[in-house]
Amino acid sequence: MSGEESNIILRNFADNGRFPNNADLPLVIITAALDPSTVSPEKFERTFTQNSWPAAWRNGLYDFNHYHSSAHEVLGIYAGWVNACFGGPGGETFKAEAGDIIIIPAGVSHCNMGQSDDFRVVGGYPAGQKWDMMHGEDGERPAADENIMNVAKPLSDPVFGPTGPLMKFWASASLI
């Protein structure tokens, strides 16, 4: 699945040999998911937590390619902007700004390719999922591939709840 509809961008990323990515579940970017003029870290934290994606941290986005084999991840940008690359080196770069959310399926590499001085983000993971940090190094696979295949789909969209767009986009994927 690949496409764009209004303020929603979907992208699938295939295994590139170094990073497993996730050909089944699309990366989901929703621009202006929350009103950029009223967004705050607390608002993202409340929203994520009440939709079963407990907020886990505030900070930035690492400037090296990495992925999580044991959890999906949501990013809520509450200040500034970031150019984030997905899929590993040579992947696709998107500019995300305050109010945007990015839902990253387990296995999809992500990296900060540049940001504004005031860039800040809240991150979270579906309830019950414990994240790990993988770097695309020798020895991570095939264990990481097995982890990715066993990560359950979330029960709710992190912003819009059980009937939110994520549920439609990930409904037909072959994971649990």
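The values are calculated or read from the model by the stated rules, or taken from the named source; none is laboratory data. These numbers were taken from a predicted model, which means no experiment stands behind them. Here Cβ is always computed from backbone atoms with ideal geometry, including for glycine, and neighbour counts include all displayed protein chains. In case anyone asks, the SASA skips ligands and DNA or RNA and just uses the protein heavy atoms, side chains included. Shrake-Rupley method; radii C 1.70, N 1.55, O 1.52, S 1.80 Å.
Remarks
- Stretched out straight at 0.36 nm per residue, the stretch from E146 to A56 would grow longer than its current Cα-Cα span by 30.0 nm.
- Å² of accessible area per residue within the range 1-112, as computed with a 1.4 Å probe and no ligands counted: 38 Å²
- Taking each DSSP H run with n ≥ 4 as -39500 (n - 2.57) and averaging over every residue of the chain yields -4000 deg cm²/dmol at 222 nm.
- Separation between Cα centres of the range 30-65 and the range 74-107, rounded to whole Å: 12 Å
- GluC sites (Glu not before Pro) restricted to the range 77-176 and DSSP loop, no more than 16 other C-beta within 10 Å: E137
- Spatially proximal lysines relative to K168 (Cα-Cα < 19 Å; intrachain offsets below 8 disregarded): K153
- Counting only protein heavy atoms and a probe of 1.4 Å, the accessible surface of the range 119-176 is 59% carbon and sulfur.
- Distance between modelled label sites at K95 and N83, nm, 7 Å Cα→Cβ extension: 0.9 nm
- Of the chymotrypsin sites (Phe, Trp or Tyr not before Pro) found in the range 41-78, those in coil by DSSP whose Cβ has at most 12 other Cβ atoms within 10 Å are Y62, F64.
- Pairwise FRET efficiency - M133 versus R46, Cβ, R0 = 25 Å, nearest 0.05: 0.45
- Between N16 and M113, residue separation times 0.36 nm minus the direct Cα-Cα distance comes to 33.0 nm.
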